[in-house]
Amino acid sequence: MTFFLGLGMAGIALLVVSLVLDGLLEGLFGDMLGGFFDGLLSLPVIAGFVSMLGFGGALVLGTTAAGPLVAVAAGAVAGVAAGWLTWRFSRALMRDQTDATPRGGDLIGTSGSVVTAIPAGGYGEVLLRLGGHTVKYAAKSAAPVARGAEIWVEAELSTTSVSVRPVER
């Protein structure tokens with residue numbers, strides 16, 4: 001039973017190592033056999049297999065009168081199941097894509113409101129929506145724009161400033 005518990009603890013230690021050395025085995029064996037082992041030789045999958053082999057074997061050995069061969073077989077079945085579930089879960093997480101990072105150029109054509117009045121040819125401040133967040137930009141306009149007025153963004157002048165024009169209705 002000590003051997004099986006040692007395997008289980010080694011699997012957990014390997015899982016901790018996999019957090020530090022993420023992608024090491026995939027980099028070494030990623031293209032082996034034309035990608036056949038795609039993700040199957042990852043450290044988390046191997047750690048799941050080894051820990052469940054150990055803990056499953058210890059559980060069978062400690063709770064039944066079965067011998068070590070039955071414990072190894074039961075642990076191997078549990079290890080294969082844990083490895084497969086880890087592989088499927090990691091593939092699902094890798095497919096989870098996020099939206100593109102918003103850029104300042106995405107502001108062109110959006111509307112906003114003036115929070116600090118903009119003098120003709122000078123700078124004021126506007127609130128705009130970028131990527132679902134309200135952001136404050138320095139704004140320049142050819143015509144004066146009063147506080148609270150609605151504006152349209154015409155161009156991005158820098159990463160923190162935009163050129164705007166007032167909305168006429």
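Would you call Glu156 among the charged types (D, E, K, R), more than 25 Å from Val16 (Cβ to Cβ) and touching a residue at least 40 places away in the same chain (Cβ under 8 Å)?
Working: among the charged types (D, E, K, R): yes; more than 25 Å from Val16 (Cβ to Cβ): yes; touching a residue at least 40 places away in the same chain (Cβ under 8 Å): yes.
Judged against the criteria, Glu156 is a match.
Answer yes if at least one residue in segment 81-104 is in a helix (DSSP H, G or I) and closer than 22 Å to Val145 by Cα, and no otherwise.
Step one: list which residues in segment 81-104 are in a helix (DSSP H, G or I), which gives 81-95, 104.
With closer than 22 Å to Val145 by Cα added as a condition, the list becomes 104.
Yes.
Out of the residues in segment 133-153 that are surrounded by 13 or more Cβ atoms within 10 Å (Cβ to Cβ) and within 15 Å of Arg103 (Cα to Cα), which is modelled with the lowest pLDDT?
If we take residues in segment 133-153 being surrounded by 13 or more Cβ atoms within 10 Å (Cβ to Cβ) and within 15 Å of Arg103 (Cα to Cα), then Val135 is modelled with the lowest pLDDT.
Any idea which residue in segment 114-157 is nearest to Arg169 (Cα to Cα), counting only those that are among the aliphatic types (A, V, I, L, M) and outside any strand (DSSP E or B)?
Keep residues of segment 114-157 that are among the aliphatic types (A, V, I, L, M), which gives 114-115, 117-118, 120, 126-128, 130, 135, 138-139, 142-143, 145-146, 149, 151, 153, 155, 157.
Then keep just the ones that are outside any strand (DSSP E or B); that gives 117, 142-143, 146, 149, 157.
On the way: Ala117: 19, Ala142: 18, Ala143: 16, Ala146: 15, Ala149: 11, Leu157: 26 Å.
Only one residue tops the list, namely Ala149.
Per-residue answers, yes or no, for (1) under 30 Å from Ser161 (Cα atoms); (2) surrounded by fewer than 12 Cβ atoms within 10 Å (Cβ to Cβ); (3) at pLDDT 90 or above; (4) out of contact with any helix residue (DSSP H, G or I) (no Cβ under 6 Å at 6 or more places or on another chain):
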residue	(1), (2), (3), (4)
Ile12	no, no, no, no
Ser18	no, no, no, no
Leu33	no, yes, no, yes
Gly39	no, no, no, no
Leu69	no, yes, yes, yes
Ala81	no, no, yes, yes
Thr98	yes, yes, no, yes
Ser111	yes, no, yes, yes
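Taking segment 41-65 only, how many residues are open to solvent by 20 Å² or more (accessible area, probe 1.4 Å), under 11 Å from Val80 (Cα atoms) and at pLDDT below 90?
Total meeting the criteria: 1.
The values are calculated or read from the model by the stated rules, or taken from the named source; none is laboratory data. All values reported here derive from a predicted model rather than from experimental measurement. Reconstructed Cβ throughout: ideal geometry from the backbone, glycine too, with neighbour counts over all protein chains shown. Heavy atoms of the whole protein, side chains included, go into the accessibility calculation; ligands, DNA and RNA do not. Shrake-Rupley method; radii C 1.70, N 1.55, O 1.52, S 1.80 Å.
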